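To keep things clear, I will list the structure first and then write my remarks on it.
Nothing in this text is a laboratory measurement; each read-out follows from the coordinates by a stated rule. From a predicted model like this one, the values you see are computed outputs, not experimental measurements. Note that we place each Cβ from the backbone using ideal geometry, even for glycine, and neighbour counts take in every protein chain shown.
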Amino acid sequence: MEAIAEQLFFTLFNTKVPRVLLKADNPDFTIVIYNEAYEKVTYLDGRDITGISLWEAFDPANAGGDGAKLLMDALVTASKNNKPVHMPSFKYDIPSGHPGINVQSWWQLEIIPVSGPGRAASYLLTTINNVTDQIENSTAILDSKLREETLNEQLEAINKELGNKNEELQATNDELNTLNEKLTRSENDFRMLNAELEERVIARTQSLKESYAKQQALTEELVTSTEEITASNEELLRINEELRISKQQKEEFLFIASHELRTPLTTIKAYNQLMQLTKDEIKRDRLVIRTAESVERLEKLINNLLDLSKISESKMLYEKEPFDFKNLVTECVENANDRYPTHEIVLEQVAEMTYTGDRFRLEQVIQNLLSNAVKYSPEANKVLVNSWVEQYSLIVSVRDFGIGIAASDKDKLFERYFRVDHPTLRIEGLGLGLFISSEILKEHNGICWIESEIGKGSVFYFRLPVGN
Ligand code: ADP
């Protein structure tokens with residue numbers, strides 16, 4: 001029976017299921033026997049582990065993790081309780097058959113205690129299942145699942161973050177858009193403002209230029225006006241002065257005129273009374289002649305006054321016709337010689353020609369020059385008269401050897417009322433003769449001028465144009 005039992009044991013033991021029989025000699029758990037499947041699954045590769053402790057065969061130091069403890073606990077539990085223990089998967093790394101290299105291994109064990117004569121377990125029949133591949137697969141799956149989950153979570157977190165970032169980005173974008181709009185608006189506003197400003201600056205510059213030009217023109221106008229006003233003022237002052245002088249001259253003239261008129265009148269009156277009283281014929285004749293002289297003088301004065309008024313009102317009439325000029329001059333000289341017995345009037349040369357003009361008025365001019373020549377040379381006794389034709393002009397000169405005329409007075413002699421003041425000499429006159437003469441000469445397109453030296457005498461000239 002014992003032989004059958006042994007054979008049965010080996011038949012059941014040597015299957016393709018890895019099995020090992022351990023002695024229940026806690027803590028060694030000596031390896032009693034193991035089958036080929038066990039040899040293969042534990043990579044013994046010819047290594048004989050029979051009779052050595054399980055821990056010697058598979059060093060717990062290489063097991064890694066708590067695999068060795070779990071195995072020990074299970075073996076002890078099965079031994080003590082003498083009850084089978086089914087160990088769930090645990091990790092226990094074993095040598096790979098290549099020196100120094102361990103293989104990561106997961107195992108499932110079923111430990112069946114085999115009782116000896118007593119109740120305690122003598123052996124532990126242990127069936128081994130290498131589940132490394134399943135565990136690794138499931139671990140890999142788990143890992144990949146875990147990784148996937150982690151990745152998903154990470155992805156979700158990243159997505160969330162991305163979403164947040166996206167929202168932030170969107171917000172920033174919106175803000176940027178708003179800003180951009182504002183900026184665009186501001187830029188447009190700025191451009192418009194700038195354009196407006198430029199336009200204003202141009203308009204202002206233009207208006208400034210115009211104002212400046214206006215101001216310039218006004219300033220120029222003002223300067224011109226001021227100059228004109230100054231000139232007008234000066235002119236007014238001059239006219240005023242002229243008026244003042246003229247008024248003064250007029251007053252003086254009136255005084256002189258009334259005096260000059262009264263003198264011959266008084267003489268006439270006195271002679272007339274004498275004539276009435278005297279019975280002496282010779283005396284009376286003399287008085288008649290003297291009265292005639294005063295009448296002539298009075299007539300001359302009145303005629304001068306009448307001429308002045310005619311000239312002032314431009315009413316002087318001229319009767320121009322051809323006449324013998326030599327005859328005129330000769331007649332004037334002869335008359336003067338009769339009238340002024342104190343002087344010899346010498347006609348040195350005379351132009352023989354027919355001249356067309358107002359004979360009566362030109363005679364008046366020559367008579368005035370001869371009268372003055374005598375009047376203003378009381379110390380002399382000669383007057384020289386010449387007339388000649390020169391370059392289409394008829395020239396007449398009257399020279400005296402009298403008091404002469406100062407250079408400063410020469411130009412004024414032909415003005416109305418002008419008389420040189422001679423305090424030592426009492427010479428009658430109204431200051432009209434030369435003025436009237438120059439007006440008569442002007443009417444004949446003639447001119448007059450003077451050469452004179454104080455104390456030596458004067459030469460009065462006049463020139464009349466004659467046809468060429
Ligand atoms: P009047 O009646 O005073 O002589 P005139 O017009 O003939 O007036 O002359 C003006 C002034 O010119 C005179 O008052 C005199 O002072 C000056 N005058 C004229 N002729 C002579 C002359 N031949 N010699 C010097 N002075 C003269």
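For LYS247, the lysines whose Cα falls under 30 Å of its own Cα, not counting residues fewer than eight places away in the same chain, are LYS300, LYS310, LYS315, LYS375, LYS410, LYS412, LYS442. Each of LYS160, LYS310, LYS91 has some number of other Cβ atoms within 10 Å of its Cβ, and from fewest to most they run LYS160, LYS310, LYS91.
Among beta bridges from DSSP that stay inside the chain, the antiparallel ones total about 90%. Using 0.36 nm per residue and subtracting the Cα-Cα separation, the extra length available between LYS269 and GLU334 on full extension is 20.4 nm.
Counting neighbouring beta carbons within 10 Å and listing from fewest to most, the residues LEU347, LEU254 come out as LEU254, LEU347. Given the options ILE101, THR150, PRO113, identify the residue whose Cα lies farthest towards the positive end of the charge dipole of the chain (+1 on Cβ of Lys, Arg; -1 on Cβ of Asp, Glu). Going by the Cα projections, it comes out as THR150.
Taken about its Cα centre, the chain carries a charge dipole of about 2300 debye when Lys and Arg each add +1 at the Cβ and Asp and Glu each add -1 at the Cβ. Ranked by how many other Cβ atoms sit within 10 Å of their own Cβ, fewest first, the residues HIS86, HIS444 fall in the order HIS86, HIS444. Partner aspartates and glutamates whose Cα lies under 14 Å from the Cα of LYS83, excluding those fewer than 8 positions away in the same chain, are identified as ASP73, GLU110. Provide Rg over Rh for the chain; use the alpha carbon set for both Rg and the Kirkwood Rh (inverse mean inverse pair distance). Reported Rg/Rh (Cα atoms, Kirkwood Rh): 2.23. For region 412-440 and region 73-93, compute the distance between their C-alpha centroids and round to whole Å. The two parts, judged by their Cα centres, are 178 Å apart. With the highest mean first, a sort of the peptides 362-373, 127-138, 3-14, 393-404 on other beta-carbon atoms found within 10 angstrom per residue produces 362-373, 393-404, 127-138, 3-14. If both residues of a DSSP beta bridge must be in region 319-468, then about 85% of such bridges are antiparallel.
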